[in-house]
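Input: a single structure, listed below in structure tokens.
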Amino acid sequence: MNIENTLNTAIKTLTQFNIPNANLDSEILLAKIIGKDRNYIILNPKENLDQKYFFKFSNLIERRKKGEPVAYLTKKKEFWKNDFYIDQNVLVPRPDTELIVEEVLKFSKKKFKLQILDIGTGSGCILLSLLKEIPSFYGTGIDISKKSINVSKYNAKMLNLTNRVKFYNSDVDKFKIGKYDIIVSNPPYIELLKLKYLDKDLCKFEPKIALNGGIDGFSVIEKVVHRTSFLIKKNGKFFLEIGYNQKNKVKEILTKKGFYINKVVKDYGNNYRCIISTKI
Ligand SMILES: C[S@@+](CC[C@H](N)C(=O)[O-])C[C@H]1O[C@@H](n2cnc3c(N)ncnc32)[C@H](O)[C@@H]1O
């Protein structure tokens, strides 16, 4: 079979299984299998595919049709300006989370040698993107998941950042090392009951520990704010990602812990997504 026919069969299968973006996903997966980029796939539709590629590709399409995220199949996701290694042990980085990076960069102009802490670092996508952008900053990432720390360390190595970053496998509750100028966090904030109604990619394949915010969705946020109030320097800035319906309650939690709310930023879907505050 040639590239075009192989793609058409895959697109038909994914469409039958209600997978959104069936065309794009099929192209990305085929490109991964033959070790080329998407442009090559699009520009060479009549090229014949070696049988060994065809079987490998069919296997990925089988997994994709059951809802497994493309990032877990390709072991890669682009976030901000870099590709990150991604596997089942970490959340797939979301475009909305790039808001935190954008806001920290605005704040960091003309600042040097600041210390950043990332709570719930996962793949390390937020922290490592920031360190890549600002060569004078130093970073620390923590996560309750040991396996995710292995992934973030691997990404630090791939991005040549090991000399400016440290990672710790720790529950935020127990982390007591250092004082930070900037703290960033995208904690799990989904209500336990809502988790099972989320689309099938999320429920079946992404780590529950990365999504589960407890009964009301606020249990990890509360812990993160509590520890941040000790770990952050006076006048330090705190950038926190929240769920679309959590703005008012999180503002309250922050204010009670001695933070002044600077602003709440909306994401591309017009939902309140990131609260920026200062420790007073
Ligand atoms: C929503 S994911 C965010 C991952 C990554 N920062 C990102 O934005 O893609 C939340 C992360 O917090 C971690 N986590 C959950 N509870 C934690 C806790 N009590 N202490 C530290 N990390 C925690 C999870 O393992 C997960 O990696």
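The values are calculated or read from the model by the stated rules, or taken from the named source; none is laboratory data. Computed from a prediction, not measured in an experiment: that's the story for all the values here. Cβ: placed from backbone, ideal geometry, glycine included. Neighbour counts: every protein chain shown.
Screening the range 76-108 for residues that are among the charged types (D, E, K, R) and in a loop (DSSP other than H, G, I, E, B) and picking the one that is farthest from Val184 (Cα to Cα) gives Asp87.
Does at least one position in the range 73-93 carry a residue that is more than 16 Å from the ligand (Cβ to nearest atom) and surrounded by 15 or more Cβ atoms within 10 Å (Cβ to Cβ)?
Filtering the range 73-93 down to residues more than 16 Å from the ligand (Cβ to nearest atom) leaves 73-74.
Imposing the further condition that a residue be surrounded by 15 or more Cβ atoms within 10 Å (Cβ to Cβ) reduces the set to 73-74.
Scanning the range 73-93, I find at least one residue that is more than 16 Å from the ligand (Cβ to nearest atom) and surrounded by 15 or more Cβ atoms within 10 Å (Cβ to Cβ), so the answer is yes.
Restricting the first member to the range 119-144 and to residues that are assigned by TED's automatic domain parsing to the domain that holds Leu211 and part of a strand (DSSP E or B), and the second to residues that are more than 10 Å from the ligand (Cβ to nearest atom) and of a type in the set (Phe, Trp, Tyr), the beta-carbon pairs closer than 6 Å and six or more apart or on different chains are Gly141/Phe167.
Determine if the range 66-75 includes at least one residue that is in a loop (DSSP other than H, G, I, E, B) and either over 30 Å from Cys274 (Cβ atoms) or out of contact with any Asp or Glu (no Cβ under 8 Å at 6 or more places or on another chain) (or both). Walk me through how you get there before you give the answer.
Taking the range 66-75 as the starting set, the residues that turn out to be in a loop (DSSP other than H, G, I, E, B) are 66-69, 75.
Of the ones still in play, those that are also either over 30 Å from Cys274 (Cβ atoms) or out of contact with any Asp or Glu (no Cβ under 8 Å at 6 or more places or on another chain) (or both) are 66.
Yes; the residues of the range 66-75 include at least one that is in a loop (DSSP other than H, G, I, E, B) and either over 30 Å from Cys274 (Cβ atoms) or out of contact with any Asp or Glu (no Cβ under 8 Å at 6 or more places or on another chain) (or both).
Checked against (1) among the aliphatic types (A, V, I, L, M); (2) near the ligand (Cβ under 10 Å from one of its atoms); (3) closer than 18 Å to Ser170 by Cα, Ile100 passes all but condition (3).
How about the range 157-171: which of its residues are touching a helix residue (DSSP H, G or I) at 6+ places or on another chain (Cβ under 7 Å) and part of a loop (DSSP other than H, G, I, E, B)? Walk me through it before giving the result.
So in the range 157-171, the residues touching a helix residue (DSSP H, G or I) at 6+ places or on another chain (Cβ under 7 Å) come out as 159, 161-162, 164-165, 167, 169.
Leu159, Leu161 - these are the residues of the range 157-171 that are touching a helix residue (DSSP H, G or I) at 6+ places or on another chain (Cβ under 7 Å) and part of a loop (DSSP other than H, G, I, E, B).
Scan the range 28-54 for residues that are in a helix (DSSP H, G or I) and in contact (Cβ under 8 Å) with a residue 24 or more places away in the chain and the total you get is 7.
Only one residue in Glu241, Glu252 is of a type outside the set (Phe, Trp, Tyr) and without any contact (Cβ under 8 Å) to a residue 12 or more places away in the chain, so which one is that? Break it down into steps so the answer makes sense when it comes.
On the way: Glu241 fails: without any contact (Cβ under 8 Å) to a residue 12 or more places away in the chain.
That would be Glu252, the only listed residue that is of a type outside the set (Phe, Trp, Tyr) and without any contact (Cβ under 8 Å) to a residue 12 or more places away in the chain.
In this structure, Leu131 qualifies as in contact with a Phe, Trp or Tyr (Cβ under 7 Å, 6 or more places away or on another chain) and closer than 29 Å to Gly213 by Cβ.
Of all residues in the range 146-190, those that are away from the ligand (no atom under 14 Å from the Cβ), touching a Leu at 6+ places or on another chain (Cβ under 7 Å) and closer than 20 Å to Lys77 by Cβ total 2. Residues in the range 5-15 that are within 12 Å of Arg64 (Cβ to Cβ) and either not in a helix (DSSP H, G or I) or not small (Gly, Ala, Ser) (or both): Ile11, Thr13, Leu14, Thr15.
Does the range 215-227 contain any residue that is touching a Cys at 6+ places or on another chain (Cβ under 9 Å), farther than 23 Å from Lys111 by Cβ, within 13 Å of the ligand (Cβ to nearest atom) and not in a helix (DSSP H, G or I)? No, there is no match, as no residue in the range 215-227 is touching a Cys at 6+ places or on another chain (Cβ under 9 Å), farther than 23 Å from Lys111 by Cβ, within 13 Å of the ligand (Cβ to nearest atom) and not in a helix (DSSP H, G or I).
Does Val184 satisfy the condition of being assigned to a helix (DSSP H, G or I), β-branched (Val, Ile, Thr) and surrounded by 19 or more Cβ atoms within 10 Å (Cβ to Cβ)? Steps first, answer last, please.
Details: assigned to a helix (DSSP H, G or I): no; β-branched (Val, Ile, Thr): yes; surrounded by 19 or more Cβ atoms within 10 Å (Cβ to Cβ): yes.
Criteria not met by Val184.
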